[in-house]
1. What percent of all Cα-Cα pairs in region 129-233 falls in each 10 Å bin, counting up from 0?
2. Quickly rank 319-329, 106-116 as a protection proxy: mean count of other C-beta atoms within 10 Å, highest first.
3. Per residue, how much accessible surface does region 174-262 expose to a 1.4 Å probe? Answer in Å², no decimals.
4. Pick out, from 57, 217, 278, the residue whose Cα sits farthest towards the positive end of the charge dipole of the chain, with +1 on the Cβ of Lys and Arg and -1 on the Cβ of Asp and Glu.
5. Suppose every Lys and Arg Cβ carries +1 and every Asp and Glu Cβ carries -1, with no other charges. What dipole size does region 239-279 come out with about its Cα centre, to the nearest 20 debye?
6. Report the trypsin sites (Lys or Arg not before Pro) located in region 239-314 that are in a DSSP loop and have at most 14 other Cβ atoms inside 10 Å of their Cβ, or state none.
7. In nanometres, what is the gap between the two model label sites at residue 316 and residue 202, each 7 Å from Cα along Cα-to-Cβ?
8. What's the magnitude of the charge dipole for the chain around its Cα centre, counting Lys and Arg as +1 and Asp and Glu as -1 at the beta-carbon? Answer in Debye, nearest 20.
Amino acid sequence: MSSRLTPFGALSAAVVVTASVAAILGTRRSDRVERVDFGVTRVATSPAYDARLAPATDATIREFIIPITHDTIEIASGVKYEGWTFGGTVPGPTIRVREGDLVRIKVVNKSPMPHSIDFHSARIPANVAYRTFMPGDTVSFEFTAKDPGAYMVHCGTPPVTMHVMQGMYFAIIVDPREGWGTKADKEFVIVQSEFYAREDSVTHKHMPDWNAAMAKNASQVTFNGRAFQYKDTPLQVNVGDRVRFFVVNAGPTFRSDFHIVGAIFDRVYPDGTPRNALERVQTWTVPAGGGAVFETVFAKDASGEGLYPFVTHSFADAEKGAVGIIRVGMPKTHTTMSH
Ligand SMILES: [Cu+2]
């Protein structure tokens with residue numbers, strides 16, 4: 001497990017500047033600055049994209065350097081795809097901050113074509129911060145994270161469908177200032193998205209299929225960028241754990257009807273805002289471009305030790321890869337699995 005860095009684990013390798021240095025940088029002495037370079041701290045993707053999250057640090061100023069690169073990704077077992085990325089993985093690393101934090105973004109376009117970035121968590125003039133910029137160029141902006149939630153970040157360069165289906169997205173979580181109201185034992189990020197891949201008959205490389213995208217005929221629908229990866233490598237929790245899922249749906253087009261087979265969400269926060277709290281929910285739809293927080297308890301006498309598929313209950317999409325397993329405790333058998 002040691003090789004499976006969590007996004008948080010990755011962040012721990014980042015430079016955290018203490019108050020005295022922050023003073024040199026011109027910030028208030030009480031501010032702690034955290035600087036993370038996505039080019040240095042990549043998310044582990046083997047054997048599966050590491051979905052585990054840990055709490056945000058106590059920094060109040062968050063600086064993120066985000067390189068845009070074109071990289072080979074694996075969208076299903078053995079299916080290599082020439083993707084476009086934030087930080088070299090699809091999705092890119094999760095950013096986690098707290099309500100009230102100042103978030104400073106510097107995006108470096110290291111790819112051979114124009115791109116941009118769009119934070120759904122920011123209230124900011126889009127024409128400035130989200131402008132398309134050229135290869136070799138950089139765009140920098142900052143915003144205060146005023147709205148708690150689970151948000152999509154993506155490239156917004158036209159045609160947006162193409163830039164998103166190529167892999168340009170990740171999640172940003174803004175923790176409420178007062179916390180989530182419950183203590184989660186485990187937290188996971190799940191980014192749903194779909195691919196429209198076509199194998200070139202000569203090179204056998206998988207290429208984007210624009211016509212399939214316009215016809216909404218996805219080749220794969222994935223959680224965290226690779227079809228079925230959590231069926232092969234389940235998310236592990238313990239009996240009795242309260243588990244919080246941050247679900248962001250990158251699309252570009254499909255909805256995510258998020259559901260756990262054998263469990264009921266005791267809380268759902270549409271858009272990840274506790275003010276939107278719902279109770280006792282079986283399935284909740286996360287729209288393309290949206291996010292939500294889901295909580296359930298795998299209690300000993302209910303949803304205890306066993307295997308629990310999580311799916312989009314739009315089942316044609318689950319058949320294309322948007323299904324995974326939560327393993328609670330260490331069940332001895334897989335024979336009851338029907339999903
Ligand atoms: Cu782009």
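The values are calculated or read from the model by the stated rules, or taken from the named source; none is laboratory data. Keep in mind it's a predicted model, so treat the numbers as computed, not measured. Quick reminder, even Gly has a Cβ in these numbers, built from the backbone with ideal geometry, and neighbours come from all protein chains shown. Surface accessibility is based on the protein's heavy atoms, side chains included, excluding ligands, DNA and RNA. Shrake-Rupley method; radii C 1.70, N 1.55, O 1.52, S 1.80 Å.
1. Whole-percent P(r) values from 0 Å outward: 11, 31, 32, 20, 5, 0.
2. Peptide ranking by packing, descending: 319-329, 106-116.
3. Heavy-atom accessible area per residue stands at 40 Å².
4. Comparing the listed Cα positions along the dipole, 57 ranks first.
5. For this selection, approximately 100 debye.
6. Filter output for region 239-314: 300.
7. Taking the simple label geometry, residue 316 and residue 202 are separated by 3.3 nm.
8. Rounded to the nearest 20 debye, it is 440 debye.
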